[in-house]
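Step one of this worksheet: look at the structure below.
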Amino acid sequence: MATQEETFKKIVAHCKEYGFVFPSSEIYDGLGAVYDYGQNGVELKNNIKQYWWQSMTLLHENIVGIDASIFMHPTTWKASGHVDAFNDPLIDNKDSKKRYRADVLIEDQLGKIEEKIQKEVDKAKKRFGESFDEAMFRQTNPRVLEYQAKWDNLHERYSKAMNDMDLEALKQIILDEEIVCPISGTRNWTDVRQFNLMFATEMGSTADGTMKIYLRPETAQGIFVNFLNVQKTGRMKIPFGIAQIGKAFRNEIVARQFVFRMREFEQMEMQFFVRPGEEMQWFEHWKQFRMKWHKALGLGDEKYRYHDHEKLAHYANAATDIEFLMPFGFKEVEGIHSRTDFDLSQHAKFSGKKIEYFDPDLNKSYTPYVIETSIGVDRMFLSIMCSAYKEEQLEGGDVRVVLNLPAVLAPVKACVMPLVKKDGLPEKAREVMDLLKFDFKTTYDEKDSIGKRYRRQDAIGTPFCITVDHDTLNDNAVTVRYRDTMTQDRVKIEDLHDLIAKAVDMKHLFRKIVAE
Ligand code: GAP
């Protein structure tokens, strides 16, 4: 049985081998934490974006989209607080010269204690079988209680240090916990320092005088600075939302776990503007809605959980993460934040413009409050790949690698294959493709045995393989082979379109989301 770490390595290798994700500028040995999406990756990514975009703009008549620039006036970032407060606490190991995030070192330590507790639980579960009462065991087992007390104590110290941004306290925790550098194995640490995550560049030529500008670290600010433009031109009434998908850039100190933490990544953000005082009920609403969006994909409800924030960002009065069970544990995929009126007020202050909304129902003006839903496309991509990747033991000892992707997101929906490369079968197969290609991403494959062709499609998660054989020429029917069950059906060519549409139409997911 492969460990989770081995499985993750296999997923990363699979992403490269099958054209999902490549290291950026690989011929020059790549660039740290920057990746390119290949021919299959980009299709999957586009499908994820479409699922998100349509769930916002089709399911909500009061949500509209925008596409703001990556470059923004530099004062934007002064106003938003990013110039002063978008920092990570970093620490260097003097022996290995490696740099770490102090908070990540401590969180890993917390994770190690959690793993110890889980090991005790798993051992007991094996021992007691059916009659095992996990909740009772966690409350009474002395070893678990000891670990739990250790965790509570460390967590309390850590939360306080982070809330106060007390860099000395963070270092003291690292020393007290005897955390060592994974490379050098020593505890020879520097002091903890603050490091701003924004990338800066210059705009304009030297003759005109240059201006230092930043690559946006979040897409949200492009929405805030356009609040009045959209509200006025769209005659939007509060509550309403503005959605956006776009690139964001962060000079992450510790970039790791493949596309989980990148320096250039993509966000799907929606800012929902509400009346002051109503933000908590909308916060709850969006928490529920976003979880339904995730679960509708059918990756397994048990793979999701909320994680409420104790340390709130400088702009928030409530925040929660939606976490997904990756091979390296539950990890944040999406954040839902109640951002108060912080951003609009700050932009009003720094720009000198009045940014308010006149509420005709209340007959007064106010600065709207904001609930934000913010999800990383790349993390969503990774969570889907991790849950889809399967190695199946087949009869006869064969192993098949298959991606059980939700059919709506699969990069290729159908592959059409003539059984042999002669007797008019390729021409007939092309006719079948022509029937499907305007609605579904369809490919054609005539090379190698049918078995090998099935495996190639399994590896990229194609839900339908359609084989054209000699009988097709007489009965106008084809063999459809289903990815997940590997079963086969004889289907009339005229019925193929409906069969595929039923499985890949996003409408079915949208109905699930709004039904509950
Ligand atoms: N506007 C709010 C905001 O940016 P965030 O929690 O910093 O909040 C939101 O980021 C989401 O963006 C995260 O939940 C994650 O999915 C994604 N994200 C953030 N940093 C990332 C990185 N370095 N690489 C990939 N995705 C990232």
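The values are calculated or read from the model by the stated rules, or taken from the named source; none is laboratory data. If you're wondering where the values come from, they're calculated on a predicted model, not measured in any experiment. Cβ: placed from backbone, ideal geometry, glycine included. Neighbour counts: every protein chain shown. When the accessible area is computed, the model is the full protein with side chains, heavy atoms only, and any ligands, DNA or RNA have been set aside. Shrake-Rupley method; radii C 1.70, N 1.55, O 1.52, S 1.80 Å.
One residue alone among Ser345, Ser387, Ser338, Ser383 is surrounded by fewer than 19 Cβ atoms within 10 Å (Cβ to Cβ), at pLDDT 95 or above and out of contact with any Cys (no Cβ under 9 Å at 6 or more places or on another chain), and that residue is Ser345. Do we have any residue at all in the range 210-222 that's within 16 Å of the ligand (Cβ to nearest atom), within 25 Å of the chain's Cα centre (by Cα) and of a type in the set (A, V, I, L, M, F, W, C)? Looking for residues that are within 16 Å of the ligand (Cβ to nearest atom), within 25 Å of the chain's Cα centre (by Cα) and of a type in the set (A, V, I, L, M, F, W, C), one finds at least one in the range 210-222, hence yes.
The set of residues in the range 398-425 being over 30 Å from Ala13 (Cβ atoms) and touching a residue at least 40 places away in the same chain (Cβ under 8 Å) consists of Pro418, Leu419, Asp423, Gly424, Leu425. Condition (residue is under 20 Å from Thr320 (Cβ atoms), touching a Pro at 6+ places or on another chain (Cβ under 9 Å) and within 16 Å of the ligand (Cβ to nearest atom)) applied to the range 252-260: is it met by at least one residue? Taking every residue of the range 252-260 in turn, none turns out to be under 20 Å from Thr320 (Cβ atoms), touching a Pro at 6+ places or on another chain (Cβ under 9 Å) and within 16 Å of the ligand (Cβ to nearest atom). What residue, among those in the range 179-228 that are aromatic (Phe, Trp, Tyr) and under 25 Å from Leu344 (Cβ atoms), is most open to solvent (accessible area, probe 1.4 Å)? Within the range 179-228, the match that is most open to solvent (accessible area, probe 1.4 Å) is Tyr214.
Residue count for the range 102-154 satisfying the condition of being within 21 Å of Lys331 (Cβ to Cβ) and either open to solvent by 40 Å² or more (accessible area, probe 1.4 Å) or among the small types (Gly, Ala, Ser) (or both): 12.
For the range 53-75, the tally of residues that are small (Gly, Ala, Ser) and crowded, with 17+ Cβ neighbours inside 10 Å stands at 2.
For the range 258-276, which residues satisfy the criterion of being touching a Phe, Trp or Tyr at 6+ places or on another chain (Cβ under 9 Å) and open to solvent by 50 Å² or more (accessible area, probe 1.4 Å)? Once the filter is applied, which keeps residues that are touching a Phe, Trp or Tyr at 6+ places or on another chain (Cβ under 9 Å) and open to solvent by 50 Å² or more (accessible area, probe 1.4 Å), the range 258-276 yields Arg263, Glu264, Arg275, Pro276. Scanning the range 223-251 for residues that are touching a Leu at 6+ places or on another chain (Cβ under 7 Å) and within 11 Å of the ligand (Cβ to nearest atom) yields a count of 4. Annotation note: of Tyr357, Tyr389, Tyr315, Tyr366, the sole residue that is closer than 23 Å to His82 by Cβ, more than 13 Å from the chain's Cα centre (by Cα) and among the aromatic types (Phe, Trp, Tyr) is Tyr315. Thr367 passes every criterion in (1) farther than 21 Å from Gln244 by Cβ; (2) open to solvent by 10 Å² or more (accessible area, probe 1.4 Å); (3) at pLDDT 95 or above apart from (1).
I need the full set of residues from the range 7-49 which are more than 27 Å from Glu269 (Cα to Cα) and among the aromatic types (Phe, Trp, Tyr), in order please. Within the range 7-49, Phe8, Tyr18, Tyr28 meet the criteria. Considering the range 277-312, the residues that are on the phi > 0 side of the Ramachandran plot and under 21 Å from the mean Cα position of the chain (by Cα) include one that is least open to solvent (accessible area, probe 1.4 Å), namely Gly300. If you go through the range 357-377, how many residues are of a type in the set (D, E, K, R), touching a residue at least 12 places away in the same chain (Cβ under 8 Å) and away from the ligand (no atom under 16 Å from the Cβ)? Here the count works out to 1. Does at least one position in the range 311-325 carry a residue that is under 23 Å from Val259 (Cβ atoms) and more than 14 Å from the ligand (Cβ to nearest atom)? Taking every residue of the range 311-325 in turn, at least one turns out to be under 23 Å from Val259 (Cβ atoms) and more than 14 Å from the ligand (Cβ to nearest atom). The set of residues in the range 492-516 being aliphatic (A, V, I, L, M) and touching a residue at least 40 places away in the same chain (Cβ under 8 Å) consists of Ile493, Leu496, Ile500, Ala501, Ala503, Val504, Met506, Leu509, Ile513, Val514. Could you tell me whether Ala477 is among the small types (Gly, Ala, Ser) and open to solvent by 20 Å² or more (accessible area, probe 1.4 Å)? Answer is no for this residue.
Take Ala13 and tell me if it is under 26 Å from Ala313 (Cβ atoms) and aliphatic (A, V, I, L, M). When the stated conditions are applied, Ala13 does not pass them.
Meeting the requirement of 2 or more residues that are closer than 30 Å to Gly300 by Cα, the helices (runs of 4 or more DSSP H) wholly within the range 404-482 are 450-460.
Consider the range 155-178 and keep the residues that are open to solvent by 40 Å² or more (accessible area, probe 1.4 Å) and of a type in the set (S, T, N, Q). The one that is farthest from the chain's Cα centre (by Cα) is Gln172.
Scanning the range 407-421 turns up no residue that is within 16 Å of the ligand (Cβ to nearest atom), among the hydrophobic types (A, V, I, L, M, F, W, C) and either open to solvent by 10 Å² or more (accessible area, probe 1.4 Å) or modelled with pLDDT of 95 or more (or both).
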